[in-house]
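Okay, so here's the structure we're looking at.
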Amino acid sequence: MEKQIYIQCRQHSAVQEGKVRLKDLGEVFSDKTEWAAKAKTMTVCSLQKPGDRAVMSSLFLIEKIKALIPECEVVNLGEASVIVEWEPERKQNIWKLAFICLIVFFGTAFTIMAFHNDVDIRGIFEHVYQLSGAAAPEGMGVLEVSYCIGLFVGITVFFNHLGKRKTRNDPTPVQVSMYTYEQNINQSIMDAADREGEEKNG
C-alpha cells in the first residue's frame, strides 16, 4: 500500500487559470505524503483562454503520474474520463437577472391562464356552486380564493423551495433536472471528444 497513489477525479471540473494541476481535478492520496504533494501540484494540461476545455482519460493521468513518480502504483477510484474547463470570471448583471425574472413570471402566468381557459375553470367553479346550492358570485368567491391559495401551496410543496429555504431536505425537482442535464452534457462532450480524437489518452 505504501507504493500506491489513489486518485479520485470528478467528471467535470472548473478552473480559474490556464494551468491545470491534478489537484484541480479531484482528490489525491498516498501514504507517502511527498508523493501525494508532488502529484497534486503536477501540471496535467494547459488551456489557452477562458472558455477552453479539455477531455482527459484516467489512463492519461496515470501515465503522467507514473512519468513523475516511476516507482508508484496508481489506483483510480474516480471517473474513467474527466472534463476540465477554464471558466471565465462571471460578473453579476442585475438587469439581466431582472429581465429573466420578468420573462419567467409573465411566461408562467400566461401558461396558467391558458390552462385555465382550456379547462374552463370558471365554468367548473359555477357548476360546483350550483351543486352546493349557492349562487355563483360576480367576482372572487370562496372557491376562487381557496383555489389560488391551494395552487401556491401545491407549487411550493412540489418544488420544495420557498425563497432560500427548503420545505424538505430532499433535492428539489429543479436540482434533479439540472443534475440530469449536466450529466447528459458531460457525456455528450466526452462522446464528441472521443469521436473527434480530441480526448487525451495514456
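The values are calculated or read from the model by the stated rules, or taken from the named source; none is laboratory data. What you see is a predicted model; the values in this text were computed from it and never measured. So basically every Cβ, Gly included, is an ideal-geometry build from the backbone, and we count neighbours across all protein chains shown. Side chains are part of the model used for accessible areas, which takes the heavy atoms of the whole protein and leaves out ligands, DNA and RNA. Shrake-Rupley method; radii C 1.70, N 1.55, O 1.52, S 1.80 Å.
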Most mobile of D52, D118, D24 per a Gaussian network model of the chain (Cα springs, under 10 Å)? D118
Could you work out which residue, out of A14, A135, A54, moves most in a Gaussian network model of the chain, that is, has the largest mean-square fluctuation with Cα springs under 10 Å? A135
Cα-centred dipole magnitude for the stretch 89-178, charges only on beta-carbon of K, R (+1) and D, E (-1), debye, nearest 20: 740
With a 1.4 Å probe and every protein chain left in place, tell me how much accessible area R122 has, in Å² to the nearest 10. 90
Put +1 on the Cβ of each Lys and Arg and -1 on the Cβ of each Asp and Glu in the chain; which of I62, G18, G51 then has its Cα farthest toward the positive end of the dipole? G18
Calculate the FRET efficiency for I185 and E138 from the Cβ-Cβ distance with a Förster distance of 35 Å, rounded to the nearest 0.05. 0.10
Only one of the values (1) 13.7; (2) 11.3; (3) 18.0 was calculated from this structure for mean projected area of the Cα convex hull in nm²; name its label. (3)
Would you kindly derive the ³J(HN,Hα) couplings of the stretch 149-160 from the backbone phi angles with the Karplus curve 6.51 cos²θ - 1.76 cosθ + 1.60 (θ = phi - 60°), listing them in order in whole Hz, with x for Gly and Pro? 5, x, 5, 5, 5, x, 5, 4, 5, 5, 7, 6
Taking the simple approach of a point 7 Å from Cα along Cα-to-Cβ for both D52 and A14, what is their distance in nm? 1.9
Per-residue ³J(HN,Hα) for the stretch 172-183, Karplus 6.51 cos²θ - 1.76 cosθ + 1.60, θ = phi - 60°, Hz, x for Gly and Pro: 6, x, 5, 5, 5, 5, 5, 5, 4, 4, 5, 4
Using only the heavy atoms of the protein chains and a 1.4 Å probe, how would T156, T180 rank by accessible area, largest first? T180, T156
Could you work out which residue, out of V74, V20, V119, moves most in a Gaussian network model of the chain, that is, has the largest mean-square fluctuation with Cα springs under 10 Å? V119
For S132, the accessible surface traced by a 1.4 Å probe with all protein chains present amounts, in square angstrom to the nearest 10, to 80
V74's amide H: which non-local residues (gap 5+, or another chain) put their own amide H closer than 5 Å, with H modeled 1.01 Å from N in plane and none for Pro or chain starts? I5
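Please compare each pair in K23/K96; K19/K66; K32/K91; K40/K96; K38/K91 to a cut-off of 30 Å on the Cα-Cα distance and tell me which ones are over it. Could the numbers behind the result be given before it?
On the way: K23/K96 34 Å; K19/K66 20 Å; K32/K91 41 Å; K40/K96 39 Å; K38/K91 34 Å.
Correct reply: K23/K96; K32/K91; K40/K96; K38/K91.
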In nm, give the distance between the simple-model label positions of R195 and F99, each being 7 Å from the Cα along the Cα-to-Cβ direction. 3.3
Probe 1.4 Å, protein heavy atoms only - accessible area per residue of the stretch 1-129 in square angstrom: 66
For the full complex of protein chains and a 1.4 angstrom probe, list L61, L131 by accessible area with the highest value first. L131, L61
Point-to-point label distance, E126-T33, nm (Cα→Cβ direction, 7 Å offset): 8.1
Given the protein chains as shown and a 1.4 Å probe, how many square angstrom of L59 are accessible, to the nearest 10? 110
Using Cα-Cα distances under 8 Å and only pairs 6 or more residues apart, what relative contact order does the stretch 65-202 have, in percent? 14
Quick one: 3J(HN,Hα) in Hz for the stretch 38-45, Karplus 6.51/-1.76/1.60 with θ = phi - 60°, rounded, Gly and Pro as x. 5, 5, 4, 8, 5, 7, 9, 6
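What is the stretch 105-187 by shape, rounded, prolate or oblate, if you read a ≥ b ≥ c off the alpha carbon gyration tensor as root eigenvalues and call it rounded for a/c under 1.5, prolate for a/b larger than b/c, and oblate otherwise? List each step's numbers first, then the result.
Values: a/c = 3.46, a/b = 2.28, b/c = 1.52.
Prolate is the answer for the stretch 105-187, as a/c is 1.5 or above and a/b outweighs b/c.
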Calculated diffusion of the stretch 60-129, Stokes-Einstein form, Kirkwood radius summed over Cα pairs, 37 °C and 0.692 mPa s, µm²/s: 175
